[in-house]
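Q: Just dropping this structure here.
The values are calculated or read from the model by the stated rules, or taken from the named source; none is laboratory data. Predicted model only: the values in this text are computed from it and were never measured. Here the Cβ is made from the backbone with ideal geometry for all residues, glycine too, and neighbour counts use every protein chain on show. All accessible areas refer to the heavy atoms of the entire protein, side chains included, with ligands and DNA or RNA removed. Shrake-Rupley method; radii C 1.70, N 1.55, O 1.52, S 1.80 Å.
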Amino acid sequence: MTAYDDLMSHVRETQALSEVAGRLGWDQETMMPRAAAPQRAEEMAAMESVLHARRLDPHIGAWLEEIDAGSLDAVGQANLRHIRRSFERASKVPAQLAARIARVTSQAQGIWAEARAADDFKSFAPTLAEVIMLKREEGQALAAGKDVYDAMLADYEPGTTAADLDAMFGALRPVLSDLRAAVRDATGPARLEGTFDEGAQMKLTRLLAKTFGYDMARGRVDKAVHPFSSGSGLDVRITTRTNPADPFNCFYSTIHETGHATYEQNIDDTYLLTPLGSGASMGVHESQSRIYENQIGRSRAFTGWLFGQMKDAFGDFGIPDEDAFYGAVNRVNDGFIRTEADELQYNLHVLLRYDLERALMGNDLQVSDLETAWNDRFEADFGYPVDKSSNGVLQDVHWSVGLFGYFPTYSLGNVYAGCLNDAMRKALPDLDSALAQGDTAPATTWLRENVQVHGGLYEPKEVIERASGQKISEKPLLDYLCTKFSTLYGV
């Protein structure tokens with residue numbers, strides 16, 4: 001065997017163990033007995049210890065030195081790129097610091113949950129300050145004298161810098177803010193009201209997953225408190241949640257997670273359990289979930305089909321026709337919670353968090369001033385004040401577990417989806433005719449062939465630019481949103 005063969009054998013085994021660890025997490029959120037939590041924590045900690053040791057195995061460095069990259073094909077070179085990036089990152093962070101971050105963030109998650117339940121940011125602030133101090137130290141180790149936030153961002157979106165995001169988000173904010181203000185002053189579509197059987201919701205949500213190409217032979221749909229997708233290759237699972245007063249939450253959470261899941265299912269089978277066997281980045285992954293959920297799932301054509309499915313499942317539910325149903329699906333509502341935000345306002349939630357976490361990491365904003373900064377910014381962007389901490393600075397878990405650099409990938413995914421939708425619509429001029437019949441195959445096939453099958457073969461920007469045939473820009477997303485909501489609200 002060659003050094004490359006030895007390296008890939010090691011990596012495949014590590015990835016297989018990582019999938020087992022992921023399955024433990026899936027079970028914890030769906031089926032695990034509540035009393036098993038302490039034991040599960042020990043099981044997951046043991047798995048993480050094994051994985052950490054394997055990722056830092058000194059043999060990896062020796063293999064990387066021995067391999068002649070020029071002798072490998074494009075797949076082999078891409079594998080080396082991922083492995084080297086991961087190994088060098090792990091090697092830069094002192095083991096003692098990594099252990100301390102793991103310990104503090106594990107504790108912080110529980111403290112955050114208690115503070116959120118009590119609407120008491122001050123009780124969480126000292127812990128958050130410690131998390132930020134440790135993450136800043138980690139960022140400095142990774143950056144090696146360069147921009148700390150760029151080093152954090154590289155964990156989730158390699159090749160993208162804070163300067164890139166500043167320019168992109170700076171162009172998004174004024175247009176979205178002005179459109180949001182105009183829509184808020186206009187008369188909106190009717191709101192969906194009533195009670196919707198949760199069993200019927202789950203039956204229809206499984207139909208939706210299949211309609212969007214989810215392979216149930218390699219996956220399953222279950223309920224969880226927070227919808228998520230997990231796994232890769234031959235075992236990719238999704239969860240959703242039901243609310244008797246809000247079936248849209250169930251349906252569009254499912255379509256969103258199906259976007260993530262089908263991306264993983266559609267990656268070239270030969271990449272299974274290798275660095276190429278997962279999505280290219282968090283932003284590219286989010287582009288798939290958002291284009292499934294919004295540009296396809298909330299389109300006038302597809303909602304016309306979904307209206308018929310809703311009538312079959314629930315009878316007369318108070319919405320008179322397909323046009324009114326399209327309006328109800330896309331209604332813009334006041335609200336504080338990012339995960340429940342409509343398509344128009346969602347990115348404003350993300351941009352708020354991006355600016356604040358950059359200021360925290362740059363030591364330009366202190367934790368003691370964070371809640372005031374959040375509340376001031378929210379009122380400026382949305383036009384009404386935050387009523388309580390759990391609807392404001394305490395609503396997201398990300399900072400408590402140290403995920404700095406993660407938030408911007410949500411909006412980056414929306415920008416990517418805008419580029420992809422523009423190209424897909426040009427390639428498929430009759431797409432709406434298919435969507436009106438509940439046939440998403442033309443769209444999902446285009447996305448599979450142009451994005452999903454490649455997995456991690458290309459860098460994130462290259463994935464989107466190859467698929468869309470254009471440089472990444474926020475313009476297609478803004479054009480789409482402005483046209484859609486200006487028409488819907490008559491502004």
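Q: Could you state the angle between the C-alpha long axis of helix 198-211 and the longest principal axis of the C-alpha atoms of the chain, as a value from 0 to 90 degrees rounded to the nearest 10?
A: 70 degrees
Q: Relative contact order of the chain: what whole-number percent is it, with Cα pairs under 8 angstrom and at least 6 residues apart?
A: Working: 668 pairs, mean separation 100.4, N = 491.
With pairs under 8 Å counted, the relative contact order is 20 percent.
Q: At 0.36 nm per residue, and after removing the present C-alpha to C-alpha distance, how many nm does the segment from Lys146 to Asp269 gain when stretched out fully?
A: Details: separation 123, 0.36 × 123 = 44.28 nm, distance 3.78 nm.
So the chain would gain 40.5 nm between Lys146 and Asp269.
Q: Does the range 265-405 classify as rounded, prolate or oblate by the C-alpha gyration tensor (a ≥ b ≥ c root eigenvalues; a/c under 1.5 gives rounded; else a/b over b/c gives prolate, otherwise oblate)?
A: Details: a/c = 2.98, a/b = 1.26, b/c = 2.36.
Oblate is the answer for the range 265-405, as a/c is 1.5 or above yet b/c matches or exceeds a/b.
Q: Here is a follow-up. Report Rg/Rh for the range 357-406, rounded to two decimals, where Rg is the Cα radius of gyration and Rh the Kirkwood radius. Walk me through the numbers before you get to the answer.
A: Working: Rg = 11.2 Å, Rh = 11.6 Å.
Radius of gyration relative to Kirkwood radius: 0.97.
Q: With +1 on the Cβ of every Lys and Arg and -1 on the Cβ of every Asp and Glu, and nothing else charged, how large is the dipole of the range 183-304 about its Cα centre, in debye rounded to the nearest 20? Numbers along the way, then the final one.
A: Numbers: 13 positive and 14 negative charges, 52 e Å.
Computed charge dipole of the range 183-304: roughly 260 debye.
Q: Here's another thing I want to ask about it. Within 15 Å, Cβ to Cβ, of Leu428, how many net charges do the neighbouring residues add up to if Lys/Arg are +1 and Asp/Glu are -1?
A: Values: positive: Arg425, Lys426, Arg448; negative: Asp422, Asp430, Asp432, Asp439, Glu449.
The answer is -2.
Q: Cα axis of helix 370-382 to longest principal axis of the chain: angle in degrees, 0 to 90, nearest 10?
A: 40 degrees
Q: Leaving ligands and nucleic acids out of the surface, order Thr30, Thr270 by accessible area at 1.4 Å, largest first.
A: Numbers: Thr30 40, Thr270 105 Å².
Ranked from most to least accessible, the order is Thr270, Thr30.
Q: Scaled to the compact-protein estimate 2.2 N^0.38 Å, what is the alpha-carbon radius of gyration of the chain, rounded to two decimal places? The partial results should precede the final answer.
A: On the way: Rg = 22.6 Å, N = 491, 2.2 N^0.38 = 23.2 Å.
Against the compact-globule rule of thumb, the ratio is 0.98.
Q: Can you list residues whose amide H is under 5 Å from Ala154's amide H, if they're 5+ apart or on another chain and H is modeled 1.01 Å from N?
A: Correct list: empty.
Q: In whole Hz, with x marking every Gly and Pro, tabulate ³J(HN,Hα) for the range 223-237 from phi via Karplus 6.51 cos²θ - 1.76 cosθ + 1.60, θ = phi - 60°.
A: Karplus values, whole Hz, x for Gly and Pro: 9, 8, 5, 10, x, 7, 10, 8, x, 7, x, 8, 9, 10, 10.
Q: Per residue, how big is the convex hull around the C-alpha atoms of the range 405-454? Give it to me in cubic angstrom, could you?
A: Working: hull volume 4.4 nm³, N = 50.
Output value, Cα hull per residue: 88 Å³.
Q: For the range 377-491, what does the alpha-carbon gyration tensor say about shape, rounded, prolate or oblate, given a ≥ b ≥ c as the root eigenvalues, a/c under 1.5 as rounded, and a/b over b/c as prolate? Please report the intermediate quantities before stating the final value.
A: Numbers: a/c = 2.25, a/b = 1.43, b/c = 1.57.
Taking the square roots of the gyration eigenvalues as a ≥ b ≥ c, the range 377-491 is oblate.
Q: Long-range amide H contacts for Lys223: which residues qualify at under 5 Å (H placed 1.01 Å from N, peptide plane, sequence gap of 5 or more or a different chain)?
A: Close amide H contacts, sequence-distant or interchain: Thr240.
Q: Using every Cα-Cα pair within the range 68-182, state what percent have a distance larger than 22 Å. The partial results should precede the final answer.
A: On the way: 3768 of 6555 pairs.
Percent of Cα pairs beyond 22 Å in the range 68-182: 57.
Q: If you don't mind, another one. Could you tell me which residue out of Gln39, Gln265, Pro174 lies farthest along the dipole of the chain toward its positive end? Charges go on the beta carbon: Lys and Arg +1, Asp and Glu -1, centred on the Cα centre.
A: Toward the positive end, the furthest listed residue is Gln39.
Q: Could you work out the local net charge near Ser389, counting Lys and Arg as +1, Asp and Glu as -1, over the other residues with Cβ closer than 14 Å to its Cβ?
A: -3
Q: Sticking with this one: When the chain is fully extended, how far beyond the present Cα-Cα distance does Asp166 get from Gln309, taking 0.36 nm per residue of separation? Provide the component values of the computation, followed by the final result.
A: Working: separation 143, 0.36 × 143 = 51.48 nm, distance 4.22 nm.
Net length gain for the segment: 47.3 nm.
Q: My understanding is that a pair violates if its Cα-Cα distance is over 32 Å; which of Lys146/Lys471; Lys461/Lys484; Lys146/Lys461; Lys92/Lys461; Lys223/Lys475 do that in this structure? Present the calculation step by step, with values, prior to reporting the outcome.
A: On the way: Lys146/Lys471 26 Å; Lys461/Lys484 26 Å; Lys146/Lys461 21 Å; Lys92/Lys461 25 Å; Lys223/Lys475 37 Å.
Long pairs (Cα-Cα over 32 Å): Lys223/Lys475.
Q: Oh, and also: Please turn the phi angles of the range 299-311 into ³J(HN,Hα) values with the Karplus equation 6.51 cos²θ - 1.76 cosθ + 1.60 (θ = phi - 60°), one per residue in order, whole Hz, x for glycine and proline.
A: These are the phi-based 3J(HN,Hα) values: 5, 4, 5, 6, 5, x, 5, 5, 4, x, 5, 5, 5 Hz.
Q: Within the range 129-159, name every residue whose backbone N is under 18 Å away from a label modeled 7 Å from Cα of Arg103 along the Cβ vector.
A: In the range 129-159, the label zone of Arg103 (backbone N under 18 Å from the point 7 Å along Cα→Cβ) covers 129-138.
Q: Residue by residue, what Karplus-based ³J(HN,Hα) values in Hz, rounded to whole numbers, does the range 281-294 have, using 6.51, -1.76 and 1.60 with θ = phi - 60° and x for Gly and Pro?
A: Values per residue, Gly and Pro as x: 5, 5, x, 5, 4, 5, 4, 6, 5, 6, 6, 4, 5, 9 Hz.
Q: Taking the Cα centre as origin and putting +1 on Lys and Arg beta-carbons and -1 on Asp and Glu beta-carbons, what dipole magnitude results for the chain, to the nearest 20 debye?
A: Details: 48 positive and 71 negative charges, 44 e Å.
Roughly 220 debye, rounded to the nearest 20.
Q: Using a 1.4 angstrom probe on the protein heavy atoms only, could you order Ser18, Ser411 from most to least accessible area? Please list the in-between numbers first.
A: Working: Ser18 35, Ser411 0 Å².
Largest to smallest exposure gives the sequence Ser18, Ser411.
Q: Multiply the residue gap between His59 and Asp6 by 0.36 nm, knock off their C-alpha separation, and tell me the result in nm, one decimal place. Don't jump to the answer; show the numbers that get you there.
A: On the way: separation 53, 0.36 × 53 = 19.08 nm, distance 0.94 nm.
Here the answer is 18.1 nm.
Q: OK, next. With +1 assigned to the C-beta of every Lys and Arg and -1 to the C-beta of every Asp and Glu, and no other charges, what is the dipole magnitude of the range 1-148 about the Cα centre in debye, to the nearest 20? Walk me through the intermediate numbers first.
A: Details: 18 positive and 22 negative charges, 92 e Å.
The calculation lands at about 440 debye.
Q: Starting from the Cα of Ile337, step 7 Å along the direction of its Cβ; do the same at Asp364; then give the gap between the two resulting points in nm.
A: Placing both labels 7 Å along Cα→Cβ, they lie 3.2 nm apart.
Q: How far is it, in nm, from the label point at Tyr384 to the one at Ala182 when both lie 7 Å from their Cα along the line to the Cβ?
A: 2.2 nm
Q: Let me ask you something else. Going by the alpha-carbon gyration tensor, a ≥ b ≥ c the square roots of its eigenvalues, is the range 125-267 rounded (a/c under 1.5) or, if a/c is not under 1.5, prolate (a/b greater than b/c) versus oblate?
A: Note, shape of the range 125-267 comes out oblate.
Q: Among Ala74, Leu56, Ala115, flag the residue with its Cα farthest along the positive direction of the charge dipole of the range 36-125, charges on Cβ as +1 for Lys/Arg and -1 for Asp/Glu.
A: Ala115
Q: Exactly which trypsin sites (Lys or Arg not before Pro) in the range 166-262 are in a DSSP loop and have at most 12 other Cβ atoms within 10 Å? Can you show the working numbers first?
A: Details: sites: Arg180, Arg184, Arg191, Lys203, Arg206, Lys210, Arg218, Arg220, Lys223, Arg237, Arg241; in loops: Arg191, Arg220, Arg241.
Loop-located and lightly packed - Arg191.
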